[in-house]
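Student: Attaching a single structure in structure tokens format; questions to follow.
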Amino acid sequence: ALQERLYASANTRDAICQPMVDDLRIRTGCEGSVARAGLEPEDLDFLSSKTEMHIEAIRIAYAGTIIVEKEFALFARVLAQLRRQLTLPVTIEFFGDHSYRAREWFDASWMNEHGNLPAAELSAELKKCAWGFAPMGLTDDKPRYNRFSLPTKFVSYLAAGLPVITFGHPESSLTKLAQVYHVGPCITSGDPGVLSRELSDALSESSPLSKYGPEILRCARNEFNMQRMRVVLHSCFEKCAATTRHNAQK
């Protein structure tokens with residue numbers, strides 16, 4: 001209730017995804033805009049010119065904290081079986097503050113932890129990977145989290161030009177975004193057989209960037225254009241300043 005009162009009484013309002021903006025409009029009667037992590041012009045230039053690189057291993061990046069560990073453990077178990085069938089070795093590369101070495105699903109023979117890296121170093125390391133992994137909850141036990149959370153890791157993967165493996169409930173904001181923009185396989189089933197088939201098809205792809213690159217760029221330009229978001233934000237500030245001057249003159 002406090003959040004809604006603050007939102008309604010503010011001069012400018014934003015949220016991290018359109019479903020949250022829509023929900024807040026219904027609950028408060030007030031309009032808002034989408035503001036979130038985005039890509040700078042140089043990032044978009046990089047995506048426009050990125051070419052397929054030769055890979056000797058399928059490195060799957062995971063950036064940040066694991067929030068939905070049950071889903072992550074399922075992914076790890078299926079991938080552990082699948083990697084024996086693939087022609088190239090598969091690794092998961094962890095980037096973030098937390099260590100998962102003590103988890104029963106963690107296997108140090110093909111999982112690597114890099115710690116929490118500065119932004120520029122993280123970007124460079126992500127660009128060495130072949131895929132990004134972005135899981136959400138498969139059940140709707142936490143509907144508000146599913147519908148309103150949009151993990152920044154997804155933006156980081158796009159900026160690095162990585163196809164994204166999206167895994168989660170079909171009603172999550174992340175899954176819906178991945179269904180609009182074909183930036184990688186979008187998996188909504190928790191059935192191990194389905195997950196294995198989807199991952200096998202994706203990781204066997206000989207030219208993932210050729211397949212997903214145009215949509216990665218389109219998604220980045222349409223949804224995460226930082227320059228455009230700044231223009232909207234500055235416009236909001238200018239309107240507030242004009243209203244303040246007008247009221248002061250009265």
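The values are calculated or read from the model by the stated rules, or taken from the named source; none is laboratory data. In this text the structure is predicted, and so the values were computed from the model without any measurement. Note that each Cβ is placed from the backbone with ideal geometry, even for glycine, and that neighbours are counted across all protein chains shown. All accessible areas refer to the heavy atoms of the entire protein, side chains included, with ligands and DNA or RNA removed. Shrake-Rupley method; radii C 1.70, N 1.55, O 1.52, S 1.80 Å.
Student: Between ASN116 and LYS128, 0.36 nm times their residue separation minus their Cα-Cα distance comes to what?
Tutor: Fully extending the segment from ASN116 to LYS128 adds 2.7 nm.
Student: Over the chain, average the accessible area per residue using a 1.4 Å probe and give it in Å², no decimals.
Tutor: 52 Å²
Student: While we're on this one: Residue separation times 0.36 nm, minus the C-alpha to C-alpha distance between ALA73 and HIS234: what's the value?
Tutor: That works out to 53.7 nm of additional length.
Student: Hey, another quick one. Please work out the FRET efficiency for the pair ASP97 and THR244, using the Cβ-Cβ distance as r and a Förster radius of 45 Å; give the result to the nearest 0.05.
Tutor: The formula returns an efficiency of 0.65 here.
Student: Can you give me the % of accessible surface on the chain that is carbon or sulfur? Probe 1.4 Å, all protein chains present, nothing else counted.
Tutor: Carbon and sulfur together cover 51 percent of it.
Student: Given R₀ = 25 Å, what would the calculated FRET efficiency be for ASP191 paired with LEU86, taking r from the Cβ atoms and rounding to 0.05?
Tutor: 0.80
Student: Please list 3J(HN,Hα) in residue order for region 129-136, calculated via the Karplus relation 6.51 cos²θ - 1.76 cosθ + 1.60 where θ = phi - 60°; whole Hz, with x for glycine and proline.
Tutor: With coefficients 6.51, -1.76 and 1.60, one gets 8, 9, 9, x, 10, 10, x, 10 Hz.
Student: From the convex hull of the Cα coordinates of region 1-144, what is the mean projected area in square nanometres?
Tutor: With the hull built on Cα positions only, its mean projection is 12.2 nm².
Student: Taking the chain, how many lysine pairs are there with alpha carbons less than 29 Å apart, if each pair must be eight or more places apart or span two chains?
Tutor: Lysine pairs, 8 or more places apart or on different chains, close enough: 22.
Student: Still on this structure, please answer the following. Specify which residue in the list SER172, ALA130, ALA61 is farthest towards the positive end of the charge dipole of region 45-189, using unit charges on the beta carbon of Lys, Arg (+1) and Asp, Glu (-1), about the Cα centre.
Tutor: The Cα lying farthest towards the positive end belongs to SER172.
Student: Here is a further query. Taking every pair of alpha-carbon atoms in region 134-250, what share in percent sits in each 10 Å bin, from 0 to the bin with the longest distance?
Tutor: Result returned by the calculation: 13, 34, 27, 13, 8, 4, 1.
Student: If I fit a long axis through the Cα atoms of helix 208-223 and take the longest principal axis of the Cα atoms of the chain, what angle between them do I get, 0 to 90°, rounded to 10?
Tutor: Value to nearest ten degrees: 10.
Student: Give the accessible area for LYS239 in Å² (nearest 10); use a 1.4 Å probe, count only protein heavy atoms, and leave out ligands, DNA and RNA.
Tutor: 140 Å²
Student: Give me the three principal axis extents of region 1-67 from the C-alpha atoms, as integers in angstrom, largest value leading.
Tutor: Over region 1-67, Cα extents along the principal axes are 54, 30, 15 Å.
Student: Starting from the amide H of ASP14, placed 1.01 Å from N in the peptide plane, find each other amide H under 5 Å away whose residue is 5 or more places distant or on another chain.
Tutor: Residues meeting the amide H criterion: SER33.
Student: Between ALA108 and GLU56, what FRET efficiency follows from the Cβ-Cβ distance if R0 is 35 Å, with the result rounded to 0.05?
Tutor: 0.95
Student: Over region 75-197, what portion of Cα pair distances is larger than 26 Å, expressed as a whole percent?
Tutor: 22 percent
Student: Search the structure for amide H atoms under 5 Å from the amide H of ARG59, placed 1.01 Å from N in the peptide plane, and list their residues when 5 or more places away or on another chain.
Tutor: The answer is THR91, ALA130, TRP131.
Student: Given all pairs of different Cα atoms, what value in angstroms does the Kirkwood hydrodynamic radius of the chain take?
Tutor: Result for the chain stands at 19.6 Å.
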